[in-house]
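Below is one structure, written out as structure tokens; comments come after it.
The values are calculated or read from the model by the stated rules, or taken from the named source; none is laboratory data. Values in this document were obtained by computation on a predicted structure and should not be read as measured data. Methodologically, a virtual Cβ is constructed for each residue, glycine included, from the backbone with ideal geometry; neighbour enumeration extends over all protein chains shown.
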């Protein structure tokens, strides 16, 4: 089972890369769904039926709401920040760094546990402290998802990738909890499921508003020249005769009537 779960952690990272680098909205949502659903299983031991069911329901609902909000969205997304190659390189580097850092983290947790080897947290002695490969893979996947999600949240270009970044950060938090605790409480699993569903609903609302008002998913800056077209001054609505032409008022130009008709 361990090799399968490690491979699943890699698949979670692949889904995260697709969610931020895909050129079409539907492909991005499918990658997001793979990352969110797979993150719930990368744990040693596997979560209980109640917690796992809650996570699956919350992640599926969140992704489905985003999918529904994209019904009238354009067929293609704006260019990704790093593209497929850059995003894959970032994810791979973060995965390797997280995998290597998991050893030091496990040793630090073991030292904090004291001579008795108990830390007071259920499952900690059998996962990361014991050198579990699944726990190391969970830490590595959490680092990869965080590295992929932060640029989408800090400097977003479109509303879909902004929502995707928030959802990937929640998945990374769940992976980190799986690595540190081993098996989260049912209450924690339920809280993560509710947060994921709410984040999906908020992302869907932002996406729907962007499509309804702007016709696309692009996040525009009002101070940029290409966005100034949407904020034309009110004088543009007046006829040409009511404005100055080359610095000469309309009333002082030849042929203009400056007063009431005789």
Inset, instruction - Considering each of 127, 118 in turn, give the residue that is at pLDDT below 75, within 28 Å of residue 48 (Cβ to Cβ), surrounded by fewer than 20 Cβ atoms within 10 Å (Cβ to Cβ) and touching a helix residue (DSSP H, G or I) at 6+ places or on another chain (Cβ under 8 Å). - result: 118
Inset, instruction - Would you be able to say whether some residue in region 205-218 is at pLDDT below 90, touching a strand residue (DSSP E or B) at 6+ places or on another chain (Cβ under 7 Å), farther than 24 Å from residue 5 by Cα and not in a helix (DSSP H, G or I)? - result: yes
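Is there a residue in region 230-239 that is surrounded by fewer than 16 Cβ atoms within 10 Å (Cβ to Cβ), at pLDDT 85 or above and more than 18 Å from the chain's Cα centre (by Cα)?
Within region 230-239, none of the residues are surrounded by fewer than 16 Cβ atoms within 10 Å (Cβ to Cβ), at pLDDT 85 or above and more than 18 Å from the chain's Cα centre (by Cα).
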Legend entry - Per-region count, region 65-87, residues at pLDDT 90 or above, touching a helix residue (DSSP H, G or I) at 6+ places or on another chain (Cβ under 7 Å) and assigned to a helix (DSSP H, G or I): 7
Legend entry - Where residue 143 falls short, out of the listed (1) farther than 25 Å from residue 71 by Cβ; (2) modelled with pLDDT under 90: (2)
Inset, instruction - Could you please give the count of residues in region 9-34 that are more than 23 Å from residue 74 (Cα to Cα) and either modelled with pLDDT of 95 or more or surrounded by fewer than 20 Cβ atoms within 10 Å (Cβ to Cβ) (or both)? - result: 5
